[in-house]
Amino acid sequence: MTTSSALKTTLTIRSLDGQVTERLRVRAARNGRSMEAEARAILATTLAPGGDDPSNLAEAIRRRVAPLGGIELDEHPAVTIAEPPAFGR
């Protein structure tokens with residue numbers, strides 16, 4: 001079995017939208033990295049094992065705002081959903 005550190009590959013992305021390229025360039029500059037290193041960091045963070053669980057939106061939002069200082073919200077009370085009205089025919 002091959003370990004992930006020994007497995008390297010090259011990825012080419014063609015026809016990348018100009019706005020996406022510009023946002024990547026700005027983000028890379030802000031983080032002091034090349035565009036290639038920034039793309040690598042984005043992929044590594046996004047696809048890391050145990051990363052975002054798309055089935056838990058609340059947890060994904062919490063992780064997204066945590067680096068900004070987080071946000072504290074009151075827990076939403078459970079709401080009972082009523083039966084839909086029955087319309088006669």
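The values are calculated or read from the model by the stated rules, or taken from the named source; none is laboratory data. Computed from a predicted model, the values in this text were never measured in an experiment. Ideal geometry is used to build each Cβ from the backbone, glycine not excepted, and the neighbour counts take in all protein chains shown.
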Scanning segment 18-36 residue by residue, those part of a helix (DSSP H, G or I) and either touching a helix residue (DSSP H, G or I) at 6+ places or on another chain (Cβ under 7 Å) or under 19 Å from residue 64 (Cα atoms) (or both) turn out to be 23, 24, 25, 27, 28, 30, 35
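Evaluate segment 20-33: report whether one residue or more is modelled with pLDDT under 90 and either surrounded by 10 or more Cβ atoms within 10 Å (Cβ to Cβ) or not basic (Lys, Arg) (or both).
No: zero hits.
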When segment 54-69 is checked residue by residue, the ones that are surrounded by 10 or more Cβ atoms within 10 Å (Cβ to Cβ) and either polar (S, T, N, Q) or in a loop (DSSP other than H, G, I, E, B) (or both) are 56
Selection from segment 28-84 of residues among the β-branched types (Val, Ile, Thr) and closer than 23 Å to residue 11 by Cβ yields 42, 45, 46
